[in-house]
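Visitor: Input: one structure, supplied below.
The values are calculated or read from the model by the stated rules, or taken from the named source; none is laboratory data. The structure displayed is predicted, hence computed values, not measured ones. FYI the Cβ positions are ideal-geometry reconstructions off the backbone, even for glycines, and counts take in every protein chain you see. Accessible surface areas use protein heavy atoms only, side chains included; no ligands, DNA or RNA. Shrake-Rupley method; radii C 1.70, N 1.55, O 1.52, S 1.80 Å.
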Amino acid sequence: MAYEKGADPKARARVVKELTEELEKGVQGLFDSDRYRDYLIAMARFYRYSSRNCLLILMQRPSASLVASFSSWQHDFGRHVRKGERGIRILAPSNRKTSVLEPVKNQLGELALDTDGQVRTEFVERRWTAFVPVSVFDVSQTEGDPIPTLVSELDRPIVGFRELRDKLEALSPVPVRFAEVPDGTGNGWYSPSRREIVVKAGMGDAQTIKTLAHEIAHATLHGPMSEEIPDANTREVQAESVAFVVCQRLRIDTSGYSFGYVASWSSGREAKELLASLDTIRSASCSLIERLEGAVTHGPDS
C-alpha cells in the first residue's frame, strides 16, 4: 500500500512518531478484561494485520469490520469513500535501499589495501524496512457496489463440527488423543514430554474446538523446539488468546471466555514485552486461521 503522496519526509516522520507514541500509551491501557476482549475480536477480523495495526484500528474506530485503502475501495471493490470521511491511520512497511561506500575486507576480515597502500573501498547496496503512515477506511465509510462474495464469505459460519475437528487435528504439530480424563484435570492438556495433546472426550462441539485450539496453541508456541519458553501465566494468556481469536473467526460462541486475569498478568511489564506477546498471539492465530480458511487477502498485510 502506498503512503500518502505529497507529504514531506519530516511530516511523515512526525506522524510515525505520533502513532508510535499512541501505541505505547494504548498498549498499557489495553489489558483490562473488556478492552482486551475487544482487541482480540479486532485481531480476529484483521488477522492479516500486525498486532500494532490492529491496536491502532481499534483505538481509532472500534466498530471497524473490513478496511482497505482509498484506491483499493475504488479499483478492487467498485466503491468510493464518502466525502469528509476521516481515514484510520496505520503504519505500513516500506522497503528501502541505498548504496554506501564501504571499506573492502579480505577473507581474514582485515582491511584490503590498494597498490598505493590505501584502504580499498566499494559501493555496497544496503536494504532496510522503514514504516510509513498510511490511511485505510472501513466499509461503513464507503458506498457503491455490493461487497464481492469472496469477501462476504469471510464472515460466514464454518459448519460441520466433525470436519472442523478433523482439520484442526491435522494441523496440530503433535498427535491428538480424545480420552476420558480424571475429574479436576480440566478439559485437556498438552504434554511436551510425551509430545501429545489429550482432549476430554464427550464434550460439546464448541468446547471441544475451544480446547483443541488452546492446546494446539500450547504445542505450537511452547514445545521443546521453542527458542524461549515464557512463564506459566504468559503461556496461558497466549494459548487462551489464540483460542479466542480462532473461535471468534470461526463464529464459534466465545461468550464463555473471561479475561479478567490479564490485568494482573500485564501489571509491571514493559510495553515492549506486552507487544511481543501480542505479536506471538497474532502470528499463531493468523497461521491457524489461514490454514483453516485458506489464505484469503482482505486488506493490506502490514
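Visitor: May I ask you to list the residues in region 207-223 that are closer than 11 Å to VAL246 by Cα, modelled with pLDDT of 95 or more and open to solvent by 10 Å² or more (accessible area, probe 1.4 Å)?
Guide: HIS214
Visitor: Another question, if that's okay. So which residues in region 109-144 are farther than 30 Å from ALA42 by Cβ and not in a loop (DSSP other than H, G, I, E, B), if there are any at all? Write out each step before concluding.
Guide: Kept after step one, since they are farther than 30 Å from ALA42 by Cβ, are these residues of region 109-144: 109-127.
The answer is LEU111, LEU113, VAL119, THR121, GLU122, PHE123, VAL124, GLU125, ARG126, ARG127.
Visitor: Same structure again: For region 235-251, which residues satisfy the criterion of being surrounded by 19 or more Cβ atoms within 10 Å (Cβ to Cβ) and farther than 13 Å from ILE289 by Cα?
Guide: Applying the first criterion (surrounded by 19 or more Cβ atoms within 10 Å (Cβ to Cβ)) to region 235-251 yields 237-250.
Matches in region 235-251: VAL237, GLN238, ALA239, GLU240, SER241.
Visitor: Kindly check whether there is at least one residue in region 105-124 that is polar (S, T, N, Q), on the phi < 0 side of the Ramachandran plot and in contact with a helix residue (DSSP H, G or I) (Cβ under 8 Å, 6 or more places away or on another chain).
Guide: So in region 105-124, the residues polar (S, T, N, Q) come out as 106-107, 115, 118, 121.
In the following step, the residues that additionally are on the phi < 0 side of the Ramachandran plot were identified as 106-107, 115, 118, 121.
Filter again for in contact with a helix residue (DSSP H, G or I) (Cβ under 8 Å, 6 or more places away or on another chain), leaving none.
There is no residue in region 105-124 that is polar (S, T, N, Q), on the phi < 0 side of the Ramachandran plot and in contact with a helix residue (DSSP H, G or I) (Cβ under 8 Å, 6 or more places away or on another chain).
Visitor: Mind listing whichever residues of region 6-25 are open to solvent by 50 Å² or more (accessible area, probe 1.4 Å) and under 19 Å from GLN60 (Cβ atoms)?
Guide: So in region 6-25, the residues open to solvent by 50 Å² or more (accessible area, probe 1.4 Å) come out as 6, 8-10, 13-14, 17-18, 20-22, 24-25.
Matches in region 6-25: ARG14, LYS17, GLU18, THR20, GLU21, GLU22, GLU24, LYS25.
Visitor: From the set of residues in region 72-94 that are open to solvent by less than 70 Å² (accessible area, probe 1.4 Å) and without any contact (Cβ under 8 Å) to a residue 60 or more places away in the chain, which is nearest to the chain's Cα centre (by Cα)? First the steps, then the outcome.
Guide: Taking region 72-94 first, the residues open to solvent by less than 70 Å² (accessible area, probe 1.4 Å) are 72-73, 77-79, 81, 85, 87-88, 90-94.
If we keep only those that are without any contact (Cβ under 8 Å) to a residue 60 or more places away in the chain too, we end up with 85, 87-88.
On the way: GLU85: 26, GLY87: 21, ILE88: 18 Å.
Taking the candidates together, the pick is ILE88.
Yes or no, residue by residue, for (1) surrounded by 13 or more Cβ atoms within 10 Å (Cβ to Cβ); (2) in contact with an Asp or Glu (Cβ under 6 Å, 6 or more places away or on another chain); (3) modelled with pLDDT under 90:
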residue: GLU228; (1), (2), (3): no, no, yes
residue: GLY268; (1), (2), (3): no, no, yes
residue: ALA271; (1), (2), (3): yes, yes, yes
residue: CYS286; (1), (2), (3): yes, no, no
residue: GLU293; (1), (2), (3): yes, no, yes
residue: GLY299; (1), (2), (3): yes, no, yes
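Visitor: While we're on this one: Can you name the helices (runs of 4 or more DSSP H) wholly within region 1-108 that have at least 1 residues being within 27 Å of ARG249 (Cα to Cα) and at pLDDT 90 or above?
Guide: In region 1-108, 33-45, 51-60, 70-77 are the helices (runs of 4 or more DSSP H) which contain 1 or more residues that are within 27 Å of ARG249 (Cα to Cα) and at pLDDT 90 or above.
Visitor: While we're looking at this one, here's another question. Mind counting the residues in region 26-50 that are among the hydroxyl-bearing types (Ser, Thr, Tyr) and either open to solvent by less than 10 Å² (accessible area, probe 1.4 Å) or free of Cβ contacts under 8 Å to residues at least 24 places away in the same chain (or both)?
Guide: Of all residues in region 26-50, those among the hydroxyl-bearing types (Ser, Thr, Tyr) come to 33, 36, 39, 47, 49-50.
Checking which are either open to solvent by less than 10 Å² (accessible area, probe 1.4 Å) or free of Cβ contacts under 8 Å to residues at least 24 places away in the same chain (or both) leaves us with 36, 39, 47, 49.
Result for region 26-50: 4.
Visitor: Determine the pairs where a residue that is closer than 14 Å to GLU22 by Cα, located within region 57-69, has a partner that is outside any strand (DSSP E or B) and open to solvent by less than 20 Å² (accessible area, probe 1.4 Å) with Cβ atoms under 7 Å apart, the partner being 6 or more residues away or on another chain.
Guide: Short answer, once both residue conditions are applied: ILE57/ALA42; ILE57/PHE46; ILE57/ALA64; LEU58/TYR39; LEU58/ALA42; MET59/GLY26.
Visitor: Enumerate the pairs (first residue in region 117-129 and of a type in the set (D, E, K, R); second residue anywhere and open to solvent by less than 90 Å² (accessible area, probe 1.4 Å)) with beta-carbon separation below 6 Å, excluding pairs fewer than 6 apart on the same chain, so at least 6 apart or on different chains.
Guide: From residues that are of a type in the set (D, E, K, R), the pairs are ARG120/VAL104; ARG120/ALA112; ARG120/ASP114; GLU122/VAL104; GLU125/SER99; ARG126/THR98; ARG126/VAL100.
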